[in-house]
Amino acid sequence: MVIYTNTKVDGHLIKLILNSGSIGSIITKQLMDQLSYQVDCTVSTRIITANRTTKTLIGKIDDFLSKVNGIITPIKVLVMKAIQYQALISNDWLFKTNAMLDWNTQKLQLNQNN
């Protein structure tokens, strides 16, 4: 399942996709630069996106501290060049935040108990 939304990450309004079927969390290079992060290592992997285009990854960040709705969650993210969204959050982030997704109403509840 996929939910498209706008949210604030570290004070920046971004386009976010919550995707329970994604292989990992992804951010754009533009967002990485905007949040003053750098890749921890480069990766030469290509992935096929949901719209079936092939993209080359720039690298990965091992300890990306995302702050969404006041909850700070460290996750690993892959970095790629511009795409239709600025961040894609997968099961790793959803699990760490103990997120409860209501697919019918497309609402997400984050639990700060972690």
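The values are calculated or read from the model by the stated rules, or taken from the named source; none is laboratory data. The structure presented is a predicted model; accordingly, all values stated were derived computationally and were not measured. Here Cβ is always computed from backbone atoms with ideal geometry, including for glycine, and neighbour counts include all displayed protein chains. Remember, those area values only see protein heavy atoms, side chains included, never the ligands or the DNA or RNA. Shrake-Rupley method; radii C 1.70, N 1.55, O 1.52, S 1.80 Å.
Assorted remarks:
- Summed over the range 73-97, residues that are charged (D, E, K, R) and either within 20 Å of Gly11 (Cβ to Cβ) or open to solvent by less than 70 Å² (accessible area, probe 1.4 Å) (or both) total 1.
- Total residues in the range 29-65, condition without any contact (Cβ under 8 Å) to a residue 12 or more places away in the chain and among the basic types (Lys, Arg): 2
- Whichever residue in the range 31-45 is of a type in the set (S, T, N, Q) and loosely packed, with under 14 Cβ neighbours inside 10 Å and, among such residues, is nearest to Val2 (Cα to Cα): Thr45
- Tabulated pairs, the range 1-28, first more than 18 Å from Phe64 (Cβ to Cβ), second open to solvent by less than 10 Å² (accessible area, probe 1.4 Å) and in a loop (DSSP other than H, G, I, E, B), C-beta under 9 angstrom, 6+ apart or interchain: Ser20/Ser90; Gly21/Ser90
- Single match in Gly70, Gly24, Gly59 (criterion: open to solvent by less than 80 Å² (accessible area, probe 1.4 Å) and modelled with pLDDT under 80): Gly70
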